[in-house]
1. If you only keep lysine pairs separated by 8 or more in sequence, or across chains, how many in the range 1-124 come under 29 Å at the Cα atoms?
2. For the chain, what is the charge dipole size about the Cα centre, in debye to the nearest 20, if Lys and Arg each add +1 at the Cβ and Asp and Glu each add -1 at the Cβ?
3. Whole number please: convex hull volume per residue, Cα atoms of the chain, in Å³.
4. What trypsin sites (Lys or Arg not before Pro) in the range 677-761 are in a loop by DSSP, with at most 12 other Cβ atoms within 10 Å of the Cβ?
5. Please give every one of the aspartates and glutamates within straight-line cross-link reach of Lys295, meaning a C-alpha to C-alpha distance under 17 Å, and leave out same-chain neighbours fewer than 8 residues apart.
6. Which of the GluC sites (Glu not before Pro) across the range 268-323 are loop residues per DSSP, with 11 or fewer other Cβ within 10 Å?
7. Pairs on different chains or at least eight residues apart, Cα atoms closer than 24 Å: how many lysine pairs in the range 505-708 fit?
8. According to the Cα gyration tensor, what semi-axes, each the square root of 5 times an eigenvalue, does the equivalent ellipsoid of the range 419-488 have, listed from largest to smallest in whole Å?
Amino acid sequence: MIISLNWLKNYVDIPKDIDPSKLASLFLLHTAEIEKVVREDACLDKVVVARIERIEPHPNADKLKLCFVEAGQGRPIQIVCGASNVYVGMWAPLALVGARVSWHGEKMVTIEHSKIRGVESEGMLSAPEELLLSGLFKDDGIIDLGKTGVPFTPGQNFRDALSLDDVYLELDNKSVTHRPDLWGHYGLARDVATFLGSIYRDEAMPLPALANDFPLSVKVDDSSICSRYMSVAIDGITVGESPWWLKKAVMGLGYRSINNIVDLTNYVMWDVGHPLHAYDLDKTGSGDIHVRWAKSGEKIVTLDGKERELNESMVVVATPDRLLLLGGIMGGKDSEIGASTRRIILESATFDPAITRRTGVALGLRTDACIMYEKTLDPERATRAMMKFITLLGTICPGARAISNTADIYNHHYKVDPIFFSPEFLASRVGIQIEKDFILKVLHSMGFGTIEVTGGWRVTVPSWRATKDISISEDLVEEISRMYGYDNIPLRFPEASIQPPADDWQRILLRKTRDAFVSLGYSEVYNYSFCGKQEMALGKDPEESYLRIENPVSKEHSFVRRSLIPGLIANIEKNYRTSASLSFFEIGKTFIRESRGDRTDKTGLESLPLQETYLGLAVTSPENETPFFALKGALAEYWKSIGVEAEYREDSAEFVWNNPPRTVSIWVGGKQVGYLSEFHPVIARRLGIPTRVGLAHINMDACVESFSRVSRRYKAVSLYPTVELDLAIVVDASVTWKQVSDTVLASGSGLVRDALLFDVYSGDKVESGKKSFAFHVHYLSSEKTLTLDEAKSAEKEILEKLEKGLGAVLRT
């Protein structure tokens, strides 16, 4: 966005001695980032207005001419010129000897008294790029000042003759996206007045004389598409070239001057910060204006000459028989202002920001009006924009008059409840005390109202800050702070006591669980939280106990799971052909409809199902090994790694897929947390799984409490290798594996690191009433490398204690 310094001066007194670069710095500190400062007169020293009196051919060059110009020097000045657009009587800028210009818009050069192809030249007739005025003049060659309509005298200072003393500030748009009030000089000047401490001149806009000579009516179908729609019919229009002040203003902002009416709508848009549009009344076909949703397939030819097909999500302004405007974007070609226009309908509307943006993106048509509407404009500005246009129209078309009343459909007023604000609240946020007088001065200068109450003020928000900008006390803190100057607030580190973060025991437990099973050679899987009737058939729960998904990704995933086991069984089913040994684990949520969690749905009326985190395990082993015991051994390693003691109790099958003879419940801290079992062989055969499958399902949430209470002692990892010996013993059938394991771990002269059960046998090869346990026993010393004899000596001690305590004998 380009800001004109002279334009701002219409509303605020800017000290003459303030440097534009300094003003740009103040803008940066208090309002928004300025990307560039451009002085209009950067190349205008020693440039005067000259009139070409005579043109002769150059004696030594066919493409050059000798122009004799009158420049107030008391004699004709000879200039060698190569431009093709010069003519006798032409007014043009002349750079005298000593002037510094941009040579063909590139490097800066100083004009000297010189000879060009043997002929003296006392200056240079200048093109737009040579005076850095390409944005203001579009001449192909020398600037033709006659097109400006301004009277000149030879030798007149060029800068003064056309008021070319402006400074343009290029403002970074993204820094004012949240400030719709800054999209226009009228709103920008208020911020400038505040940070400069100057008076803001809020000019009154008198209501023009209205009439009922033309029946103008407006209908807005849906109040959501347009906050406000105003229009008025005006007669006595004379379309022509804009006066220089208007042309210079719009061209200085980068616009092409079209005609006085179109230029004036653009001028008011960047003055007030609110778009306008003017229709040729005699091309509209009616005064019945209809603001409505577009119909699918409707087409409009916009002012850029392109036909655009619309859909039902877009807004149009229409009369009964034609489309006039694509709402908030661009007018239609059929109602364009032209040289023959005598009557217009002036529109000042506030279109919905979201609809406008969506339409602009869909059509690839991003106009300045579209960009401005996207910022959520203040509907109150619609009145000011209309009144400003009518007031200025009277100066360029003296015969213009309103021939209708103002049609005004006001659908939505933006309003923010008063905000309580106090110096203490401000100090708590910025860290320093700011004087009350300064706070009030800033608030009043920015247009806020204040009523003193106990402890502070009740602040009312002006309409131009209420659309989406100011709504809470912290917003007022920002207003005061930026005007006070963030650079004036001392840098101070926040004062706070640093507390060590509380341990998230669940997160720690889940991390250690993953590490433990990965180290044991298990592969982690991630299955969908969804399931279908095939997975549900593995269990005994009825379908109504499962939560149905409202919009499932597929029919096979229409419910949310109650267990991780069906997903793990599916993993085994898909992978067992590639390997006889599979070890999978998954950590994930289950959804139990009968139990409720402590979270609620978006309505707050119903609590969500209980969602607990479970560990699921599935293991297959070669035919000569039992996966139930392999998994039990892995779990023993796991419990040991996290320091939690687990107990196994005989239990009936909780799920249909469990094999009752090999199903035990798992207890931790006096609570049942899951089960360890073998997949039922009948179901396995039905699914085509030829191997045994060990399963475990453990509620991790139920283990967190015991895990958090573990007393953790750390010791260095031994530098020496372990010695592994297998130990198989025969004991009475009533002896449990845990009794054997505890005895083994407590024996062996402190050299036993662990004992992993890998087989249980009862059959022909052992006596009746007896059974066999087989363990992998690991021996380790923290002081030296154990020899095999030392490990066997420890094994002998273990056997003696097993024989004495449990009546065990070595199986041979």
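Computed from the coordinates by the stated procedures, all read-outs in this text should not be read as laboratory data. Keep in mind that this is a model prediction, so the values were computed, not measured. As a convention, Cβ positions derive from the backbone with ideal geometry for all residues, glycine included, and neighbour counts pool all protein chains shown.
1. Lysine pair count for the range 1-124: 19.
2. Numbers: 94 positive and 110 negative charges, 155 e Å.
My answer is approximately 740 debye.
3. Values: hull volume 255.8 nm³, N = 812.
Taking the convex hull of the Cα positions in the chain, it is 315 Å³ per residue.
4. Working: sites: Arg685, Arg686, Arg692, Arg709, Arg712, Arg713, Lys715, Lys738, Arg753; in loops: Arg692, Arg709, Arg712, Arg713, Lys715.
Here the sparse-neighbourhood loop sites are Arg709, Arg712, Arg713, Lys715.
5. Reachable aspartates and glutamates: Asp221, Asp222, Glu307, Glu309, Glu312, Asp321.
6. Details: sites: Glu298, Glu307, Glu309, Glu312; in loops: Glu298, Glu312.
The qualifying sites are Glu312.
7. So the count of such lysine pairs works out to 21.
8. Values: eigenvalues 61, 40, 25 Å².
They are 17, 14, 11 Å, listed from largest to smallest.
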